[in-house]
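Student: Quick one: structure below, then a few questions.
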Amino acid sequence: MAAKSFDVVVIGSGPGGYVAAIRAAQLGLNTCVVEREHLGGICLNWGCIPTKAMLRSSEVFHLMHRAKEFGLKAEGVDYDLPAVVDRSRKVAGQLSGGVKGLLKKNKVTVIMGEGTIPAKGKVSVKTDKGTEELTAKSIILATGARARELPGLEADGDLVWTYKAALTPKRMPKKLLVIGSGAIGIEFASFYNTLGADTTVVEVMDRVLPVEDADISAFAKKAFEKQGMKIMQKAMVKQLDRAKGKVTAHIEVGGKVEKHDFDTVISAVGIVGNVEGLGLEKLGVKVDRTHVVTDEYCRTGVEGIYAIGDIAGAPWLAHKASHEGVMVAELIAGKNDVHPIKPNSIAGCTYCHPQVASVGLTEAAAKEAGYTLKVGKFPFIGNGKAIALGEPEGMIKTVFDAKTGELLGAHMIGAEVTELIQGYVVGQALETTEEDLMHTVFPHPTLSEMMHESVLDAYDRVIHM
Ligand SMILES: Cc1cc2nc3c(=O)[nH]c(=O)nc-3n(C[C@H](O)[C@H](O)[C@H](O)COP(=O)(O)OP(=O)(O)OC[C@H]3O[C@@H](n4cnc5c(N)ncnc54)[C@H](O)[C@@H]3O)c2cc1C
């Protein structure tokens, strides 16, 4: 059978791949997406979306327990774990179906199967029905990543879980150990702890959510501990002894090894790129540890081959993958106003309770970069809407360059901050200064007023504190 010819073949249909394909098709390129598992990738099927669906259940559960505070009655509040999981899987399925519809609407060819690149300009796809050969003027690698497994701490799906098992639990953990306090680990810790699991989080660094500003990490730790979580920092799980229904973890902390028993362990120690089996070595595409090396335009150095999203390295975030997808599609289409992503413009959000969100430099990183700083902070307790919502726990911190007034970073913890952060992201994209932000009128009563107050505080003009 003659090879089918395309302008662009995208391997992988996660938020990087499917968005790249749609943008390429919009620009008139004959485009194909190759996917070996589910349309929508990890994000829609096993990442961003199903976790948020589960966390919504735990959030509502938490609020139901607080019913009396709001003058309401909710007796016999309980959960039904299979129903929680079922809702999460349905949400994921709905969105994956949505991606299928979007690709069809944009006339993108979809081939379900495993893609490899036998030579430049060629893609072979192993499908249920045999192998399909494709030719492509441009190939976009968007094969994403999977959970990192540490020797001795490997997941077994029964006692030790990675995110897939943690999203489809067959039982409720009673005594849970979460290894790693990055966004994924903390979101699962938050979910299971809220539903009543006795939860311990072990973090090798000196604070939880270690990529966040130190003030936010400290605030988060206190909040999690108040909710009953145990947090072990500067601690390392060295060994897991598995027995029937029990795991004994050997945890090194303060120079000593402690043994603790759990019935479930969630390993959230990072991810590794899906670089294997694609034929990259033969093509001369450089791989550094587990990610493809690219320039700021996602070019691999091999003509006609690009890499976007998780396979192209940190930050491992869906919106970074999608933005790179759009950028590469426009580059391939020959648009001349294509700009690389500014590394400090990508916000990070963690949907634990309380939520955490940030963009740009932490105070420590800004100091290290040599800036003289103006720093503002505003607590949720000073905001009318936060009090009315019953969410007085949280803070917003802003970091400015004292010389130019440039907003270098913004860091938040508290209710709905994952929605608020985009205000600062837009501000940064428009190269806002403290003056612009101080002159902006924020609607009342909103949580967003705290964004204003934090800026005012940096310049000693705060009103409600
Ligand atoms: C539990 C969890 C929660 C997360 N929460 C968030 C969040 O809240 N916000 C956020 O921004 N990010 C979150 N992420 C990260 C986010 O899911 C990823 O950054 C994002 O999915 C990366 O998109 P991608 O397109 O690069 O790859 P992926 O989404 O991983 O998609 C890659 C696709 O390629 C396919 N594939 C791989 N190899 C081949 C091949 N050879 N042939 C054909 N197909 C192939 C895979 O089957 C997969 O469908 C989370 C991740 C996890 C695990």
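Student: Considering Gly409, Gly394, Gly405, Gly427, which residue is farther than 27 Å from Ala220 by Cβ and either in contact with an Asp or Glu (Cβ under 6 Å, 6 or more places away or on another chain) or among the small types (Gly, Ala, Ser) (or both)?
Tutor: Values: Gly409 fails: farther than 27 Å from Ala220 by Cβ; Gly394 fails: farther than 27 Å from Ala220 by Cβ; Gly427 fails: farther than 27 Å from Ala220 by Cβ.
Being farther than 27 Å from Ala220 by Cβ and either in contact with an Asp or Glu (Cβ under 6 Å, 6 or more places away or on another chain) or among the small types (Gly, Ala, Ser) (or both) holds for just one of Gly409, Gly394, Gly405, Gly427, which is Gly405.
Student: Could we say that Ala142 is within 11 Å of the ligand (Cβ to nearest atom), outside the structural domain of Lys90 (by TED's automatic domain parsing) and out of contact with any Ser or Thr (no Cβ under 7 Å at 6 or more places or on another chain) here? If you could, list the steps in order and put the result at the bottom.
Tutor: Details: within 11 Å of the ligand (Cβ to nearest atom): yes; outside the structural domain of Lys90 (by TED's automatic domain parsing): no; out of contact with any Ser or Thr (no Cβ under 7 Å at 6 or more places or on another chain): yes.
No, not satisfied.
Student: Also, I was wondering about something else. Scan the stretch 208-240 for residues that are in a strand (DSSP E or B) and open to solvent by 60 Å² or more (accessible area, probe 1.4 Å) and jot them down.
Tutor: First pass over the stretch 208-240, keeping only residues in a strand (DSSP E or B): 230-232, 235-240.
Lys230, Met236, Lys238, Gln239, listed by residue number.
Student: Regarding the stretch 91-112, can at least one residue be identified that is more than 18 Å from Glu37 (Cβ to Cβ) and open to solvent by less than 20 Å² (accessible area, probe 1.4 Å)?
Tutor: Within the stretch 91-112, none of the residues are more than 18 Å from Glu37 (Cβ to Cβ) and open to solvent by less than 20 Å² (accessible area, probe 1.4 Å).
Student: Among (1) buried (at least 22 other Cβ atoms within 10 Å of the Cβ); (2) free of Cβ contacts under 8 Å to residues at least 40 places away in the same chain; (3) among the aliphatic types (A, V, I, L, M), where does Ala410 come up short?
Tutor: (2)
Student: Here is a further query. Hey, among the residues in the stretch 142-175 that are of a type in the set (Gly, Ala, Ser) and part of a loop (DSSP other than H, G, I, E, B), which one's farthest from the chain's Cα centre (by Cα)? Can you show your working first?
Tutor: Taking the stretch 142-175 first, the residues of a type in the set (Gly, Ala, Ser) are 142, 144-145, 147, 152, 155, 157, 165-166.
Those left that are additionally part of a loop (DSSP other than H, G, I, E, B): 142, 144, 152, 155, 157.
Numbers: Ala142: 16, Gly144: 13, Gly152: 26, Ala155: 21, Gly157: 22 Å.
So, considering only residues that are of a type in the set (Gly, Ala, Ser) and part of a loop (DSSP other than H, G, I, E, B), the one farthest from the chain's Cα centre (by Cα) is Gly152.
Student: Taking into account only those residues within the stretch 207-230 that are in contact with a Leu (Cβ under 8 Å, 6 or more places away or on another chain) and small (Gly, Ala, Ser), which is farthest from Gly270 (Cα to Cα)? Let's see the steps before the verdict.
Tutor: Filtering the stretch 207-230 down to residues in contact with a Leu (Cβ under 8 Å, 6 or more places away or on another chain) leaves 216-217, 220.
With small (Gly, Ala, Ser) added as a condition, the list becomes 217, 220.
On the way: Ser217: 18, Ala220: 20 Å.
Selected residue: Ala220.
Student: Inside the stretch 292-390, counting only helices (runs of 4 or more DSSP H) that do not spill past its ends, which hold 1 or more residues that are small (Gly, Ala, Ser) and within 27 Å of Gly405 (Cα to Cα)? Before you say what the answer is, go through the steps one by one.
Tutor: On the way: elements: 318-332, 363-368, 384-389.
The helices (runs of 4 or more DSSP H) meeting that bar are 363-368.
Student: State whether the residues of the stretch 325-346 include one that is of a type in the set (Lys, Arg) and within 15 Å of the ligand (Cβ to nearest atom). Don't jump to the end; show me each part of the working.
Tutor: Going through the stretch 325-346, the residues of a type in the set (Lys, Arg) turn out to be 335, 342.
This time we only want the ones that are within 15 Å of the ligand (Cβ to nearest atom), so: none.
Scanning the stretch 325-346, I find no residue that is of a type in the set (Lys, Arg) and within 15 Å of the ligand (Cβ to nearest atom), so the answer is no.
Student: Out of all the residues in the stretch 266-308, which are surrounded by 14 or more Cβ atoms within 10 Å (Cβ to Cβ) and closer than 30 Å to Asp158 by Cα?
Tutor: Ile266, Ser267, Ala268, Val269, Gly270, Ile271, Val272, Gly273, Asn274, Val275, Thr290, His291 - these are the residues of the stretch 266-308 that are surrounded by 14 or more Cβ atoms within 10 Å (Cβ to Cβ) and closer than 30 Å to Asp158 by Cα.
Student: Let me ask something additional. Give the stretch 182-206 a look and list any residue that's under 19 Å from Ile271 (Cβ atoms), without any contact (Cβ under 8 Å) to a residue 60 or more places away in the chain and in a loop (DSSP other than H, G, I, E, B), or say none.
Tutor: Result: Glu203, Val204, Met205.
Student: Then there is this: Got a sec? Which helices (runs of 4 or more DSSP H) wholly within the stretch 26-130 have at least 1 residues that are without any contact (Cβ under 8 Å) to a residue 24 or more places away in the chain?
Tutor: On the way: elements: 41-46, 48-65, 81-105.
Result: 48-65, 81-105.
The values are calculated or read from the model by the stated rules, or taken from the named source; none is laboratory data. Nothing here was measured: the structure is a model prediction, and the numbers come from that model. Counting neighbours? That spans all protein chains shown, and the Cβs are built from the backbone with ideal geometry, glycine included. These accessible areas exclude ligands, DNA and RNA; they are computed on the full protein's heavy atoms, side chains included. Shrake-Rupley method; radii C 1.70, N 1.55, O 1.52, S 1.80 Å.
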